[in-house]
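Remarks on the structure that follows.
The values are calculated or read from the model by the stated rules, or taken from the named source; none is laboratory data. What you see is a predicted model, and the numbers here were worked out from it, not measured in a lab. Backbone-built Cβ (ideal geometry, glycine too); neighbour counts: all protein chains shown. Protein only, heavy atoms only, side chains kept; ligands, DNA and RNA dropped before computing areas. Shrake-Rupley method; radii C 1.70, N 1.55, O 1.52, S 1.80 Å.
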Amino acid sequence: MAPLTQATHRTFLSRRAVRATAAAAVLCASMALSACSKDSTADAKPTTTSSASSAAPTAASPSADPQSAEKNAVLAAYTGFWAEQVKAYAKADTKGTELKKYATLDALGQIDIDVARMQKAGTVAQGQPTHDSKVTALDASKKTPDATITDCLDISNWKETKAKTGQVIPFPSNQPTRYQTSASAEKWGNQWLITKVTTHGDQHC
């Protein structure tokens, strides 16, 4: 299967060469991509003072990254996009998915093409890809804020199979299964949407 892409995005289906949309995963970051940060709390050790007035409140330290919230929102959209794509490929049908919630029509075009080819060939995609994604650029000052996501996509456990028999269609011998993928996103209203996914099959990660 060729690199999942948005240009030949996930053409992993016809030629087993999918070059996003797209990711995410996203299946999330790696499609296990995690869009939400974990909060951690620590129990403070009580101290005693001779006077209540001697205890002063501690000022909250500023965030190391002032764009952290927006970056998390971008990754959440990427994760959702890939999760819904995996659902669509698992049944060779976009019906019943929420792809339009996470991506623009341009980004979804290749998925529609891939699904149509899968239906004709009688194949589906079983398993799911994994991700190691991060936001590498974000400009929230624009009228339409935009961002770039860089992902290390691993499709080794996302395989095309015959829908009726479950027979796995092997990857071509020259097919990389772990490679760099980039995605573009824009904020429309309050929602980040994936607008384009591009795979870089020659850039292993």
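One table, with the values for the structure above:
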{"read-out": "Accessible surface of segment 122-205, 1.4 Å probe, proportion on carbon and sulfur as whole %", "value": "46 percent"}
{"read-out": "Added length on full extension, which subtracts the Cα-Cα distance from 0.36 nm per residue, Lys120 to Trp188", "value": "21.0 nm"}
{"read-out": "Residues Ser141 and Leu105, FRET efficiency given R0 of 35 Å [Cβ-Cβ distance, rounded to 0.05]", "value": "0.85"}
{"read-out": "Low-density loop positions, trypsin sites (Lys or Arg not before Pro), segment 81-163 - DSSP coil, at most 10 other Cβ in 10 Å", "value": "Lys95, Lys142, Lys143"}
{"read-out": "Shape call, segment 87-126: gyration tensor on alpha carbons, a/c limit 1.5", "value": "oblate"}
{"read-out": "Net charge over other residues, Cβ less than 13 angstrom from the Cβ of Glu186 (K, R count +1; D, E count -1)", "value": "0"}
